[in-house]
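Peer 1: Take a look at this one; I'll ask things after.
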Amino acid sequence: MTYDITIEGKAYRLELNRTGEGWLCRLNGRAVDIDAVLARRDVLSVILDGKAYEVKRERTPTDMHLWVGSVRYSAQVRDPRSLRSRTGADGAHGPRKLIAPMPGKIVRVLVKENSEVDAGQGLLVVEAMKMQNEIKSPKKGVVRKIIPAAGASVSAGDVLAVVE
Amino acid sequence: MQSIRMTKPAPSMFKKILIANRGEIAVRVIRACRELGIQSVAVYSDVDRASLHVRKADEAYHIGPPAAAESYLNIDRILDAARRSGADAIHPGYGFLSENSRFAHACAAAGIKFIGPTAAAMELMGSKTRARQHLEKANIPFVPGTSRGLTSLEEAVSVAEKIGYPVMLKAAAGGGGKGMRLVHGSDQLASALESAQSEAERAFGDGEVYLEKALINPRHIEMQILADEHGATVYLGERECSIQRRHQKVLEESPSPFVDSDMQCRMGEVAVRVAQAAGYTNAGTIEFLVDQHKNFYFLEMNTRLQVEHPITELTTGLDLVHLQIRIAAGEKLPFTQDDVRLRGHAIECRIYAEDPDNNFLPSPGTITLLLAPSGPGIRRDSGMYEGWTVPIEYDPLLAKLIGYGSDRKQAAARLVRALHEYFVGGIKTNISLFRRILNDEEFQQGRVDTGYLDRLLARTPDQVTDEKSAEVAAIAAGLFAVLDPTSVAQTNGSAGSTSPSAAVASSWKKAGRSEALH
């Protein structure tokens, strides 16, 4: 299997194949000697050149992070053969959906549908844990849709608006 | 320590205690009840049905909608739950109704013992002006200064000499920093007084200016007391609480690296005098502001159990919640001041659901992965569990991680080690902030004051990522895709997960759905 992996914006090509005893692993073409055990869901023990690492996987509705020890790395995995793989979700073209980063209550809707907005302009205000947070537009464009009304409760991952 | 050993519970010991709170403190009190053979009653709002305190209690009563005003702050509903359950006492925890004298009154009227001070003592300490008037008679130190306008430069010079520089000149009619001058020495006093007076005159039409000792980035140090209902009051050592963000405590330790045994003794005696002057009973905390010269001034009294009480429990070997319950049941304090021995050092980290990389925005949500630390010298008081969804309605405090050691260095090292083991996935927490603090040189030297955390946060954190770890992350990303592919498929929105059991799985499914919308 070959994966295109991005860690903190840096691209890696990983070839990973099981052998009888372990793994054949090449990172950017270089052979790496690894041993790995999935300790439990989302927790991996990796031994690399005799050094032991505990790697935790964390997912939020919007992204994936891997923790090596106490350091967090944002990660994207793409299997070049898979049609289901993630595509460039942060392209500046096409409609973009605004996802609630946390559960909360919509306090205010700051813009009307079909109005023009700038990148970074506040679209809605969500309140959680007694703090109000502005949800900003990911791009310059036109607000095609605002889904929740003021007063509505939203869950993390809910689509709040579409900007085109 | 022999004399600190508890006598057998009195026959009048409570049979059932209702805990009018939620989260980690409710769990803490439920545990004490179980240890004492007392039945515990939890109360919960709509969003707390699955919370840990409800799972741990012997009985649980629903008290209303998520909004605190309609549940945890609703006196009638809580007393109704107490009556229905047959509880003979209520422990209020901290926050919510814990310092509400109306609630203490209402409990007394309902014939249910409030585990805390009397309503009268609570009212007295709840009003700063009343407390000050009352306590000045008991010779309690307040920030020194003149309480009336200065009439001449000579008077200003002599008062300033008496209380010591730096001093602050303040407009009597003032506000918003107008007419205020910080003065470091007598040579600056004449011009500062003149400009403060003229500025006050212009701003408020009143040039009256008075003088107060300037406390610059003071320390915030508090003293724990316990008082029984038979006249005995003891102090249990101080807690250093200077590390705060927006007046919210973040990390506390006991003893304070700044306080020597003589100062500890003097602070303790003042704290006992405050409590006695107020007719105070049960557990309480006297907060002091402390300047660089180890002068301390009464700030206020907290008439409840504090969030940070575990560090005192570790250094005294006492269980404050057990003692609160025994005192409320009418028992005498089973030890005297001379029996109290402080040993070792304890540091507490308040684990909040907030994002330290994003201006500490709150981060409620579902905890998808929880790896908890343990081992020597580690205590964890927690209200969370894996799979639980942190509600959006309440305080973001999730848990407290406390390190104990024979000295400060060992306690800190154990905490750093435990923080390394601690992992909370799915939501953001401030765990990384504590690594920064504990590894910071200023902290390690004990040089903390109320300005410390802002200074630390103003500095850019050291870059901790390295290429080797990034490579490990890249390899692990691929390994996860091979070894633990289920959740990957779910995240990609393609696997219609039908697992009805796991709340975690369903939250992933939801996440998957939203991702599929991209």
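Each value in this text was obtained by applying a stated rule to the coordinates, not by laboratory testing. Given the structure is predicted, the values throughout are model-derived calculations rather than measurements. Using ideal geometry, Cβ is built from the backbone for each residue, glycine included, and neighbour counts are taken over all protein chains shown.
Peer 1: Highest mean first, how do B:83-92, B:209-218, B:188-197, B:12-21 rank when packing is the count of other Cβ atoms within 10 Å averaged over residues? Intermediate results must be reported in sequence, preceding the final value.
Peer 2: Details: B:83-92: 21.1, B:209-218: 19.6, B:188-197: 17.5, B:12-21: 22.6.
With the highest mean Cβ count within 10 Å placed first, the list reads B:12-21, B:83-92, B:209-218, B:188-197.
Peer 1: Assuming 0.36 nm per residue, please report the length gained on full extension of the stretch B:L371 to B:C265 beyond their Cα-Cα distance. Mind showing how you got there, number by number?
Peer 2: Numbers: separation 106, 0.36 × 106 = 38.16 nm, distance 4.08 nm.
Roughly 34.1 nm would be gained on extension.
Peer 1: Against the longest alpha carbon principal axis of chain B, how many degrees, from 0 to 90 and to the nearest 10, is the axis of helix B:23-35 turned?
Peer 2: That works out to roughly 80 degrees.
Peer 1: Dimensions of segment B:2-115 along principal axes (Cα, Å, largest first)?
Peer 2: Cα spread of segment B:2-115 along its principal axes, largest to smallest: 47, 31, 24 Å.
Peer 1: Work out the length of the dipole vector of segment A:2-78 about its Cα centre, built from +1 on the beta-carbon of each Lys and Arg and -1 on the beta-carbon of each Asp and Glu, and round it to the nearest 20 debye.
Peer 2: Working: 13 positive and 11 negative charges, 37 e Å.
Once rounded to the nearest 20, the dipole reads 180 debye.
Peer 1: Below 8 Å, C-alpha to C-alpha, sequence gap of six or more: please give me the relative contact order for chain A in percent. Present the calculation step by step, with values, prior to reporting the outcome.
Peer 2: On the way: 349 pairs, mean separation 27.3, N = 164.
Computed over chain A, the figure is 17 percent.
Peer 1: Using only Cα atoms, what is the ratio of the radius of gyration of chain B to 2.2 N^0.38 Å?
Peer 2: Details: Rg = 26.0 Å, N = 518, 2.2 N^0.38 = 23.7 Å.
That ratio works out to 1.10.
Peer 1: Using a 10 Å cut-off on Cβ to Cβ distances, tally the other chain neighbours for every residue of A:6-18 and report the average as a whole number.
Peer 2: Numbers: counts 2, 11, 4, 0, 5, 1, 7, 2, 8, 1, 6, 1, 2.
Mean partner shielding for this stretch: 4.
Peer 1: Treating only the Cβ of Lys, Arg, Asp and Glu as charged (+1, +1, -1, -1), what charge dipole size does segment B:126-236 show about its Cα centre? Round to the nearest 20 debye.
Peer 2: Value, rounded to 20: 240 debye.
Peer 1: Between segment B:47-63 and segment A:31-62, what's the alpha-carbon centroid distance in Å?
Peer 2: That distance is 36 Å.
Peer 1: Kindly provide the helix-only [θ] at 222 nm of chain B, computed as the sum of -39,500 (n - 2.57) over DSSP H runs of four or more divided by all residues, to the nearest 500 deg cm²/dmol?
Peer 2: Working: 18 runs with 191 residues, N = 518.
The per-residue figure over chain B is -11000 deg cm²/dmol.
Peer 1: Okay, next question. Among A:Q76, B:I311, B:P144, whose Cα sits farthest toward the positive end of the charge dipole of the protein assembly as shown (+1 at Cβ of Lys/Arg, -1 at Cβ of Asp/Glu, about the Cα centre)?
Peer 2: A:Q76
Peer 1: Cα extents of segment B:352-464 along the three principal axes, largest first, in whole Å?
Peer 2: Dimensions of segment B:352-464 along the principal axes of its Cα atoms: 39, 33, 26 Å.
Peer 1: OK, next. Below 8 Å between Cα atoms, with a sequence gap of 6+, how large is the relative contact order for chain B in percent? Each step should come with its number before you reach the end.
Peer 2: Values: 994 pairs, mean separation 66.5, N = 518.
For chain B, the relative contact order is 13 percent.
Peer 1: I've got another one for you. Ranked from highest to lowest mean number of other Cβ atoms within 10 Å per residue, what is the order of the peptides B:450-457, B:385-392, B:346-353, B:158-165? Mind showing how you got there, number by number?
Peer 2: Details: B:450-457: 16.9, B:385-392: 20.1, B:346-353: 26.2, B:158-165: 14.8.
So the order, starting with the most tightly packed, is B:346-353, B:385-392, B:450-457, B:158-165.
Peer 1: Report the residue, chosen from A:V37, A:V77, A:V143, that carries the largest GNM mean-square fluctuation when chain A is represented by alpha-carbon nodes joined by springs under 10 Å.
Peer 2: A:V37
Peer 1: Let me ask you something else. How much of the DSSP beta bridge set in the protein assembly as shown is antiparallel, as a percent to the nearest 5? Please report the intermediate quantities before stating the final value.
Peer 2: Values: 120 of 134 bridges.
Roughly 90 percent of the DSSP beta bridges within the protein assembly as shown come out antiparallel.
Peer 1: Using unit Cβ charges (K, R positive; D, E negative) and no other charged atoms, how large, in debye to the nearest 20, is the dipole of chain A about its Cα centre? Write out the running numbers ahead of the final one.
Peer 2: On the way: 27 positive and 20 negative charges, 64 e Å.
So the dipole magnitude of chain A works out to roughly 300 debye.
Peer 1: Here's something else I'd like to know. Quick one: work out the % antiparallel among DSSP beta bridges in segment B:2-115, nearest 5. Before the final figure, lay out each step's value.
Peer 2: Numbers: 0 of 14 bridges.
Of the beta bridges lying entirely in segment B:2-115, close to 0 percent run antiparallel.
Peer 1: Ranking B:T312, A:T6 by Cβ neighbours within 10 Å, fewest first, what do you get? Each step should come with its number before you reach the end.
Peer 2: Details: B:T312 27, A:T6 17.
Taking fewest neighbouring Cβ atoms as first place, the list is A:T6, B:T312.
Peer 1: Still on this structure: What percent does the relative contact order of segment B:84-172 come to when contacts are Cα pairs within less than 8 Å and at least six residues apart? Walk me through the numbers on the way to the answer.
Peer 2: Values: 46 pairs, mean separation 17.6, N = 89.
Contact order relative to length: 20 percent.
Peer 1: Moving to a separate point now. On a 0 to 90 degree scale, rounded to 10, what angle separates helix B:153-163 from the longest Cα axis of chain B?
Peer 2: Taking the Cα atoms of chain B, the angle to B:153-163 is about 50 degrees.
Peer 1: Same structure again: How well do other chains shield peptide B:394-405, expressed as the mean number of their Cβ atoms within 10 Å of each residue Cβ? It would help to have the intermediate numbers written out before the result.
Peer 2: Details: counts 2, 2, 4, 0, 0, 0, 0, 0, 0, 0, 0, 0.
Counting other chains' Cβ atoms within 10 Å and averaging over B:394-405 gives 1.
Peer 1: Another question about this same structure. Tally the DSSP beta bridges in segment A:2-78 and give the antiparallel ones as a percent, rounded to 5. Numbers along the way, then the final one.
Peer 2: On the way: 40 of 40 bridges.
Once the DSSP bridges in segment A:2-78 are tallied, antiparallel ones form about 100 percent.
Peer 1: Normalised by the empirical 2.2 N^0.38 Å for globular proteins, what value does the Cα Rg of segment A:96-163 take?
Peer 2: Taking N as the residue count of segment A:96-163, the ratio is 0.98.
Peer 1: Using the structure shown, select from A:K51/B:K468; A:K10/B:K468; B:K428/B:K468; A:K145/B:K428; A:K56/A:K105; B:K137/B:K249 the pairs with a Cα to Cα distance greater than 20 angstrom. Write out the running numbers ahead of the final one.
Peer 2: On the way: A:K51/B:K468 11 Å; A:K10/B:K468 13 Å; B:K428/B:K468 25 Å; A:K145/B:K428 29 Å; A:K56/A:K105 31 Å; B:K137/B:K249 31 Å.
Exceeds cut-off: B:K428/B:K468; A:K145/B:K428; A:K56/A:K105; B:K137/B:K249.
Peer 1: In the protein assembly as shown, what is the volume of the convex hull around the alpha carbon atoms, normalised per residue and reported in Å³? Walk me through the numbers before you get to the answer.
Peer 2: Working: hull volume 137.3 nm³, N = 682.
Cα-based convex hull of the protein assembly as shown, divided per residue, equals 201 Å³.
Peer 1: Near B:K15, which lysines are there with a Cα under 18 Å away, not counting those fewer than 8 places off in the same chain?
Peer 2: Partners within reach: B:K56, B:K113.
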